[in-house]
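> Just dropping this structure here.
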Amino acid sequence: MNRPAANKTVYQFGYRRSADQDAAKPARRPVVIVGAGPVGLTAAIDLAKRGIPAVILDDADRIGEGSRAICFSKRSLEIMDRLGLGDRLVEKGVVWQLGKVFLGEHQVYSFDLLPETGHRMPAFINLQQYYLEGYLVERAVELPLIDLRWRNRVTAVGKHDGFVRLTIETPEGQYELDTDWCLACDGARSKVRDCLGLKFEGHTFEERFLIADVKMSAEYPTERWFWFDPPFHSGQSALLHRQPDNVWRIDLQLGPDADPEEEKKPERVLPRLERMLGERKFELEWVSVYRFNCARLKKFLHGRVIFVGDSAHQVSPFGARGANSGIQDAENLVWKLALVLNGEAPESLLESYDLERGQAADENIGHSTRSTDFIAPRTKQERVLRNAVLQLAPHAAFARRMVNSGRLSVASEYDSPLTTPDREDFGGSARLGLPVPDAPLEDSGGKRFLLQTLTEDFQLLYVKDGARPNVPEGLRMTAIGEDLIDREGIFTQRFDATPGAAYLLRPDHHLCARMRSYNGNRIRDALARAKGLAK
Amino acid sequence: MTVLKTENGFANPDAAYEALVEAHRRASEAESAALNARLVLILSNHIGDLAVLKEAISLARKAG
Ligand SMILES: Cc1cc2nc3c(=O)[nH]c(=O)nc-3n(C[C@H](O)[C@H](O)[C@H](O)COP(=O)(O)OP(=O)(O)OC[C@H]3O[C@@H](n4cnc5c(N)ncnc54)[C@H](O)[C@@H]3O)c2cc1C
């Protein structure tokens, strides 16, 4: 990454010696996570919530300012809410849901990412990535099951029979640590990936982009504004998006031949921004010049080493699918790993992580590649076609729909062997393989959103019809119409609920089975299948 | 399975061809390319069937 213009440290942490460094032979842990980025921290907190201890190793000891992720999706916020950070993130973040696309000075397209109410979490918030990381660290250090070790750089990875041995460099020298499972959350330039000699296959886009975070007081609405060929940056594209603390993210497309060192110099940056922002006073917080990649590992699961987040897949930022997908990776993996570690599911369950999140990675890479190609066409003829779409957009609805400035991250729908296919028809927005939609409900204490009532385990939503059925042991059942009341009818509508209907949710709240009337055997089979126990 | 129609579809194909030629007459190369691109998009959307579009693309490729 590029060096910051003003390299401010937002959070500083200290190196502390661990007893493992003095052990005669390498200590053994159930889970070691390499990398305390958003993904590694999410995984550790989720593991701790399931009673699994984890060591996190990170080569840095600070979270610095820098322009990385700003847009966090509804799905990420729902996951963070389960981990205890939802309110804090939404409070600090800038909530938004509208995007506008301009051609020159004229609006040609707009989108609303959450056109309905009745959801606890907003469609998106904008928040500097360092705040998210800082909050996650604060949450992690509250949890005694998490052992967070700064300035611990992994330099070698050895795969052994039944465990992984990590070699770790610290300010006080080197030590070794053994682990049943190693989660490689060490980012796009993953050292763990290099150590295993794995190829990161994909495409680097030629185009260069200037990313600037500027501080200013401005009256622009909290919407995502994207321009093709704006008057202030002729022939290129531009993006403007608000962050907390009066900071605004600006992306300016520079073309493939731009010199990254020259373009970062204030004498080049400031006039570009002045043309965009006019007379307004602003301060530069950070500037960098990026070239983007889309790439992935063929497999995320390599024996006892599991790749999660950017180490497994990388996308260009149009669509905000990087951190948002990594957070979903972590959630997808952790409940499965916890079941395996507790002896409740076979190791082969982890294959479904590879499959489900591999599908998600392909989907994300597809979207972000198409967006980047639309924004920065690769050939002259592609540009002619792209410009044709933009020229038609003011005149024809179909062309507006083709305008692609980024398709923003939504939850992935899994086509998975863990899912039990429907035998009856269901409508509504709840879909097999997707996380269940939220809905406003009531319990004895007052108004509650559905998602707030869900736990970390498998659970059954049962639409009351007479007596409560006897569910399989250990499965938590919530009766809609008794434990939770659907006064507004929104649950009924979103789940296409009828009396007696039952919905089985995985620990990550993805819907994995449903039926029009509760049937104990079908639920038992669906549960076994979702735990990878089905033959 | 062929879904793309390659039989003549126009009552007066010569008139259709003339309309296309007419649209390009006196246009520069760049204008023509841009016009073609817009036309392709408009007609593709009118067809509104990805399978037909892909077959048309492969026929166009093969013939060139
Ligand atoms: C300009 C830009 C804009 C973006 N915008 C968005 C957005 O709006 N929304 C979004 O969702 N995503 C966005 N992204 C992507 C997002 O920043 C990444 O997807 C995200 O940071 C990935 O998280 P991670 O935890 O997998 O990896 P990282 O955040 O890269 O964390 C990896 C961690 O591992 C540590 N580490 C590395 N090597 C070692 C080692 N050998 N030993 C120990 N520790 C090590 C590093 O110090 C680091 O802390 C953007 C990215 C860029 C560049």
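> Consider the range B:27-52. How many of its residues are within 12 Å of A:Met402 (Cβ to Cβ) and more than 8 Å from chain A (Cβ to nearest Cβ)?
1
> Can I ask one more? Are any residues in the range A:67-108 modelled with pLDDT under 95 and in contact with a helix residue (DSSP H, G or I) (Cβ under 7 Å, 6 or more places away or on another chain), and if so, which ones?
Across the range A:67-108, the qualifying residues are A:Arg68, A:Leu103, A:Val108.
> Can you tell me which residue is nearest to the other protein chains (Cβ to nearest Cβ) among those in the range B:53-64 that are among the small types (Gly, Ala, Ser) and over 12 Å from the mean Cα position of the chain (by Cα)?
The initial filter retains those residues of the range B:53-64 that are among the small types (Gly, Ala, Ser), namely B:56, B:58, B:60, B:63-64.
Still in the running and over 12 Å from the mean Cα position of the chain (by Cα): B:58, B:63-64.
Numbers: B:Ser58: 18, B:Ala63: 18, B:Gly64: 14 Å.
Looking at residues that are among the small types (Gly, Ala, Ser) and over 12 Å from the mean Cα position of the chain (by Cα), I get B:Gly64.
> Separate question: In the range A:370-382, which residues are under 19 Å from A:Leu239 (Cα atoms) and either within 14 Å of chain B (Cβ to nearest Cβ) or crowded, with 16+ Cβ neighbours inside 10 Å (or both)? Full working, then the answer.
At the first step, the residues of the range A:370-382 found to be under 19 Å from A:Leu239 (Cα atoms) are A:370-377.
The answer is A:Ser371, A:Thr372, A:Asp373, A:Phe374, A:Ile375, A:Ala376, A:Pro377.
> Taking the stated definitions as given, is A:Ala188 out of contact with any Lys or Arg (no Cβ under 8 Å at 6 or more places or on another chain), of a type in the set (A, V, I, L, M, F, W, C), outside any strand (DSSP E or B) and in contact (Cβ under 8 Å) with a residue 12 or more places away in the chain? Walk me through how you get there before you give the answer.
Working: out of contact with any Lys or Arg (no Cβ under 8 Å at 6 or more places or on another chain): yes; of a type in the set (A, V, I, L, M, F, W, C): yes; outside any strand (DSSP E or B): yes; in contact (Cβ under 8 Å) with a residue 12 or more places away in the chain: yes.
In short, yes.
> Go through the range A:197-211 and give me each residue that's out of contact with any helix residue (DSSP H, G or I) (no Cβ under 8 Å at 6 or more places or on another chain), over 16 Å from A:His313 (Cβ atoms) and not acidic (Asp, Glu).
A:Gly197, A:Phe209, A:Ile211
> Kindly indicate which of A:Thr155, A:Thr170 is more than 14 Å from every other protein chain (Cβ to nearest Cβ), within 16 Å of the ligand (Cβ to nearest atom) and in contact (Cβ under 8 Å) with a residue 60 or more places away in the chain.
Values: A:Thr155 fails: in contact (Cβ under 8 Å) with a residue 60 or more places away in the chain.
When all the criteria are applied, what remains is A:Thr170.
> Go through the residues of the range A:14-22 one by one and say whether even a single one is under 19 Å from the mean Cα position of the chain (by Cα) and at pLDDT below 95.
The initial filter retains those residues of the range A:14-22 that are under 19 Å from the mean Cα position of the chain (by Cα), namely none.
Within the range A:14-22, none of the residues are under 19 Å from the mean Cα position of the chain (by Cα) and at pLDDT below 95.
> If A:Glu279 satisfies all but one of (1) under 30 Å from A:Leu533 (Cβ atoms); (2) more than 13 Å from the ligand (Cβ to nearest atom), what's the number of the condition it fails?
A:Glu279 satisfies every listed condition except (1).
> Next question, about the same structure. For the condition at pLDDT 95 or above and either among the β-branched types (Val, Ile, Thr) or closer than 25 Å to A:Asn387 by Cα (or both), what is the one hit in B:Ala11, B:Ala27, B:Ala63, B:Ala15? Break it down stepwise before answering.
Working: B:Ala11 fails: either among the β-branched types (Val, Ile, Thr) or closer than 25 Å to A:Asn387 by Cα (or both); B:Ala63 fails: either among the β-branched types (Val, Ile, Thr) or closer than 25 Å to A:Asn387 by Cα (or both); B:Ala15 fails: either among the β-branched types (Val, Ile, Thr) or closer than 25 Å to A:Asn387 by Cα (or both).
Within the list B:Ala11, B:Ala27, B:Ala63, B:Ala15, the selection yields B:Ala27.
> Now a separate question. Tell me which of these A:Glu223 doesn't satisfy, since it passes every other one: (1) touching a residue at least 60 places away in the same chain (Cβ under 8 Å); (2) in contact with a helix residue (DSSP H, G or I) (Cβ under 8 Å, 6 or more places away or on another chain).
With respect to (1) touching a residue at least 60 places away in the same chain (Cβ under 8 Å); (2) in contact with a helix residue (DSSP H, G or I) (Cβ under 8 Å, 6 or more places away or on another chain), A:Glu223 is out only on (2).
> Looking at A:Ala218, A:Ala258, A:Ala238 in this structure, which one is in contact with a Pro (Cβ under 7 Å, 6 or more places away or on another chain), away from the ligand (no atom under 13 Å from the Cβ), outside the structural domain of A:Gly358 (by TED's automatic domain parsing) and not polar (S, T, N, Q)?
Working: A:Ala218 fails: in contact with a Pro (Cβ under 7 Å, 6 or more places away or on another chain); A:Ala258 fails: in contact with a Pro (Cβ under 7 Å, 6 or more places away or on another chain).
Checking each option against the conditions leaves just A:Ala238.
> Another question, if that's okay. Filter the range A:345-364 down to the residues that are under 30 Å from A:Ala388 (Cα atoms) and among the charged types (D, E, K, R), then identify the one that is surrounded by the fewest Cβ atoms within 10 Å (Cβ to Cβ).
A:Asp362
> Filter the range A:383-398 down to residues that are within 7 Å of chain B (Cβ to nearest Cβ) and in contact with a helix residue (DSSP H, G or I) (Cβ under 6 Å, 6 or more places away or on another chain), then give me how many there are.
Summing the residues that are within 7 Å of chain B (Cβ to nearest Cβ) and in contact with a helix residue (DSSP H, G or I) (Cβ under 6 Å, 6 or more places away or on another chain) in the range A:383-398 gives 6.
> Is one or more of the residues making up the range A:385-394 modelled with pLDDT under 95, in a loop (DSSP other than H, G, I, E, B) and surrounded by fewer than 21 Cβ atoms within 10 Å (Cβ to Cβ)?
There is at least one residue in the range A:385-394 that is modelled with pLDDT under 95, in a loop (DSSP other than H, G, I, E, B) and surrounded by fewer than 21 Cβ atoms within 10 Å (Cβ to Cβ).
> So, one more: Please go through (1) within 14 Å of chain A (Cβ to nearest Cβ); (2) of a type outside the set (Gly, Ala, Ser); (3) assigned to a loop (DSSP other than H, G, I, E, B) for B:Leu4 and return the number of the only condition it doesn't satisfy.
Evaluating B:Leu4 over (1) within 14 Å of chain A (Cβ to nearest Cβ); (2) of a type outside the set (Gly, Ala, Ser); (3) assigned to a loop (DSSP other than H, G, I, E, B) leaves (1) as the failure.
> Checking A:His367 against (1) part of a loop (DSSP other than H, G, I, E, B); (2) surrounded by 19 or more Cβ atoms within 10 Å (Cβ to Cβ); (3) out of contact with any helix residue (DSSP H, G or I) (no Cβ under 6 Å at 6 or more places or on another chain), only one condition comes out false. Which one?
The failed condition is (1).
> While we're on this one: I'd like to know if the range A:429-436 contains one or more residues that are touching a residue at least 40 places away in the same chain (Cβ under 8 Å) and touching a Gly at 6+ places or on another chain (Cβ under 7 Å).
As a first pass, look at the range A:429-436 and keep what is touching a residue at least 40 places away in the same chain (Cβ under 8 Å): A:429-436.
From the residues that got through so far, the ones that are touching a Gly at 6+ places or on another chain (Cβ under 7 Å) too are none.
For the range A:429-436, residues touching a residue at least 40 places away in the same chain (Cβ under 8 Å) and touching a Gly at 6+ places or on another chain (Cβ under 7 Å): absent.
> Oh, and also: Let me confirm something: among A:Val164, A:Val141, which residue is crowded, with 18+ Cβ neighbours inside 10 Å, more than 13 Å from the ligand (Cβ to nearest atom) and either away from chain B (no Cβ under 14 Å) or under 30 Å from A:His233 (Cβ atoms) (or both)? Let's see the steps before the verdict.
Values: A:Val141 fails: crowded, with 18+ Cβ neighbours inside 10 Å.
Matching residue, one of A:Val164, A:Val141: A:Val164.
> Please enumerate the residues belonging to the range A:128-162 that are charged (D, E, K, R) and not in a loop (DSSP other than H, G, I, E, B).
Here is the first cut: in the range A:128-162, the ones charged (D, E, K, R) are A:133, A:138-139, A:142, A:147, A:149, A:151, A:153, A:159, A:161.
Listed by number, the residues that qualify are A:Glu133, A:Glu138, A:Arg139, A:Glu142, A:Asp147, A:Arg149, A:Arg153, A:Lys159.
> I'm trying to understand the selection: among the residues of the range A:406-426, which are of a type outside the set (A, V, I, L, M, F, W, C) and either in contact with a Ser or Thr (Cβ under 7 Å, 6 or more places away or on another chain) or not in a loop (DSSP other than H, G, I, E, B) (or both)? Walk me through it before giving the result.
Initial filter on the range A:406-426 (of a type outside the set (A, V, I, L, M, F, W, C)): A:406-407, A:409, A:412-417, A:419-425.
Selection gives A:Gly406, A:Arg407, A:Ser409, A:Ser416, A:Pro417.
> Let me ask something additional. Would you mind stating whether A:Ser76 is out of contact with any strand residue (DSSP E or B) (no Cβ under 7 Å at 6 or more places or on another chain), of a type in the set (Gly, Ala, Ser) and over 20 Å from A:Tyr11 (Cα atoms)? Before you say what the answer is, go through the steps one by one.
On the way: out of contact with any strand residue (DSSP E or B) (no Cβ under 7 Å at 6 or more places or on another chain): yes; of a type in the set (Gly, Ala, Ser): yes; over 20 Å from A:Tyr11 (Cα atoms): yes.
Against the criterion (out of contact with any strand residue (DSSP E or B) (no Cβ under 7 Å at 6 or more places or on another chain), of a type in the set (Gly, Ala, Ser) and over 20 Å from A:Tyr11 (Cα atoms)), A:Ser76 qualifies.
> Where in the range A:200-310 are there strands (runs of 3 or more DSSP E), lying wholly inside it, with at least 1 residues that are crowded, with 20+ Cβ neighbours inside 10 Å? So that I can check it myself, show each step before the final result.
Working: elements: A:201-204, A:208-215, A:224-228, A:237-243, A:247-255, A:283-290, A:293-296, A:305-307.
Passing ranges, in order: A:208-215, A:224-228, A:237-243, A:247-255, A:283-290, A:293-296, A:305-307.
> Would you be able to tell me the number of residues in the range A:14-38 that are away from the ligand (no atom under 11 Å from the Cβ) and in contact with a strand residue (DSSP E or B) (Cβ under 9 Å, 6 or more places away or on another chain)?
Step one: of the range A:14-38, the residues away from the ligand (no atom under 11 Å from the Cβ) are A:14-31.
Keeping just the survivors that are in contact with a strand residue (DSSP E or B) (Cβ under 9 Å, 6 or more places away or on another chain) gives A:15-23, A:25-31.
Summing the residues that are away from the ligand (no atom under 11 Å from the Cβ) and in contact with a strand residue (DSSP E or B) (Cβ under 9 Å, 6 or more places away or on another chain) in the range A:14-38 gives 16.
> Within the range A:321-331, identify whether any single residue is within 16 Å of the ligand (Cβ to nearest atom) and hydroxyl-bearing (Ser, Thr, Tyr), and answer yes or no. Spell out how you get there, then give the answer.
We begin by selecting, within the range A:321-331, every residue within 16 Å of the ligand (Cβ to nearest atom); these are A:321-331.
Keeping just the survivors that are hydroxyl-bearing (Ser, Thr, Tyr) gives A:325.
For the range A:321-331, residues within 16 Å of the ligand (Cβ to nearest atom) and hydroxyl-bearing (Ser, Thr, Tyr): present.
> What number of residues in the range A:214-248 are of a type in the set (A, V, I, L, M, F, W, C) and farther than 17 Å from A:Thr372 by Cα?
Going through the range A:214-248, the residues of a type in the set (A, V, I, L, M, F, W, C) turn out to be A:214, A:216, A:218, A:225-228, A:232, A:238-240, A:247-248.
Subset that is farther than 17 Å from A:Thr372 by Cα: A:214, A:216, A:218, A:232, A:247-248.
Final tally of qualifying residues: 6.
The values are calculated or read from the model by the stated rules, or taken from the named source; none is laboratory data. Small disclaimer: the values here were computed from a predicted structure and weren't measured. Don't worry about glycine lacking a Cβ; one is built from the backbone with ideal geometry, like all the others, and counts go over all protein chains shown.
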